[in-house]
Amino acid sequence: MRTLSQVRLAVIGLGYVGLPLAVEFGKKRSVTGFDVNARRIAELQAGVDHTLETDAAELAEARHLTFTTDAAKLRKCNVFIVTVPTPIDGHKRPDLTPLIRASETVGKALKAGDVVIYESTVYPGATEEDCVPVLEKFSGLKFNVDFYCGYSPERINPGDKEHRVTTIRKVTSGSTPEAADLVDELYNQIITAGTHRAESIKVAEAAKVIENTQRDLNIALINELALIFNRMGIDTEAVLKAAGSKWNFLPFRPGLVGGHCIGVDPYYLTHKAQAIGYHPEIVLAGRRLNDSMGAYVVTQLVKAMTRRRIMVDGARVLVMGLAFKENCPDLRNTRVVDIVHELRGYGVTAEVHDPWVSAEEAKHEYGLDMVARPRKGRYDAIVLAVAHEQFKAMGEEKIRALGKTAHVLYDLKYLLPATGSDLRL
């Protein structure tokens, strides 16, 4: 087992999770940052982070951090932190392909005494049941005899400049008490908020997956309440503000539920539950409701346009925002695309504008051609889908100026006052 002073660290995967982690460790100790994306590595070497989670000054401050696409350079390392994505496939099943490939890469670099720490969100048991066999196969070493594992779930909140990797308490765990000690000690070098040492890797995995499942279900409840209140002609935001006057009422709001965690993690839990013979009714019901919100929004919009005598077939709608959350370029699992696809089903031309998002990435990920500058007086309807600061700064007058004389403005994010839009969730 390595001691902290002997650790030669590698971070595998330099996206929204891995890069901030590598940067913080790179301020303290030697770190090899590895990613298979050559373009990403070139950008980072030039001091550019397109995710905006770090800036050039922070990258320069990480004096001990080097970037590479060369897996051979991992052989000099002895502790590996894996931070690759864990998405779902088209059937909403966990896709462990990136995790397995990363485990293959690490397995080829493993030596006796090394430690592999996973941060990627998985279902309970995945580290030891899915990743460890790959590490053993490609290293020829035996788990908990020749090498060890840890699990410390990521808690990155993209676009959040207040809650950073160092200021969010970190859950840690290890496959043996000694490995758990090392993992906890290592993270305590950079996590100023402190750590919580879980009893086992499975406990840490389960803790991560229920964090976002809980949020998903709470939002599903508020979404369902919004559907009910809309039918009753009651302003949902007004109801939530009134209820929020009680100290223990949780401040959730209705909306689209996407992103790399909340819209994905529950499916990891339900997959494992079904594998052991349990059908998770409440979790899946929440997922179904949240996944249906894009279609609901379009239905409401079409009804409002029809009431205004606006021809729906052939109409032009501006969708303001594509990122999965405000003030962030992250497109992963954005549910705004559901609105775009639904609109197309009605014969509507949907134009998408988002000042935070890369037009190239939007085209690559979703086949969408972004509009750089929406034209005034062009649109039959406008959907405020993401609460970017630029949209808030525009205000009602400038936003409405983008619409034709007769148009519908649908505010999904309560960006405008109650009287400032025609529709709200």
Original post:
Structure shown: which of Lys170/Lys392; Lys246/Lys303; Lys27/Lys76; Lys27/Lys202 lie over 26 Å apart, alpha-carbon to alpha-carbon?
Top reply: Lys170/Lys392; Lys246/Lys303; Lys27/Lys202
**OP:** Enter the accessible area of Glu361 (Å², nearest 10), with the probe set to 1.4 Å and all protein chains included.
**Re:** 60 Å²
Original post:
Given 0.36 nm per residue, what is the gain on full extension from Lys161 to Lys111 after removing their alpha carbon distance, in nm?
Top reply: 14.2 nm
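Would you work out what percent of the accessible area of the chain, with all protein chains in place, is carbon or sulfur (probe 1.4 Å)?
52 percent
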Original post:
What order, most packed first, do the peptides 411-422, 221-232 have when packing is the mean number of other Cβ atoms within 10 Å of each residue?
Top reply: 411-422, 221-232
**OP:** Provide the packing ranking of 18-29, 190-201, i.e. peptides ordered by the mean count of other C-beta atoms within 10 Å per residue, highest first.
**Re:** 18-29, 190-201
Subject >> Degrees, to the nearest 10: 97-109 long Cα axis against longest axis of the chain >> reply: 20 degrees
Original post:
Relative to the longest principal axis of the chain, what angle (0 to 90°, nearest 10) does the C-alpha long axis of helix 177-187 take?
Top reply: 60 degrees
**OP:** Would you kindly compute the Cα radius of gyration of the stretch 88-211 and its largest Cα-Cα separation (Dmax), both in Å?
**Re:** 14.7, 43
**OP:** Enter the angle in degrees (range 0 to 90, nearest 10) between the Cα long axis of helix 281-291 and the first principal axis of the Cα atoms of the chain, meaning the one along which they spread out most.
**Re:** 60 degrees
**OP:** With a 10 Å radius around each residue's Cβ, average the other Cβ atoms per peptide and rank 55-62, 30-37, highest first.
**Re:** 30-37, 55-62
Original post:
How do Thr334, Thr97 rank by accessible surface area computed with a 1.4 Å probe, from largest to smallest?
Top reply: Thr97, Thr334
**OP:** Name the residue farthest towards the positive end of the dipole of the chain from the options Ile310, Leu96, Val298, assuming +1 on Cβ of Lys and Arg, -1 on Cβ of Asp and Glu, about the Cα centre.
**Re:** Ile310
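The values are calculated or read from the model by the stated rules, or taken from the named source; none is laboratory data. Note that this is a predicted model, so its numbers are computed, not measured. Methodologically, a virtual Cβ is constructed for each residue, glycine included, from the backbone with ideal geometry; neighbour enumeration extends over all protein chains shown. Areas reflect the complete protein model, heavy atoms only, side chains present, ligands, DNA and RNA absent. Shrake-Rupley method; radii C 1.70, N 1.55, O 1.52, S 1.80 Å.
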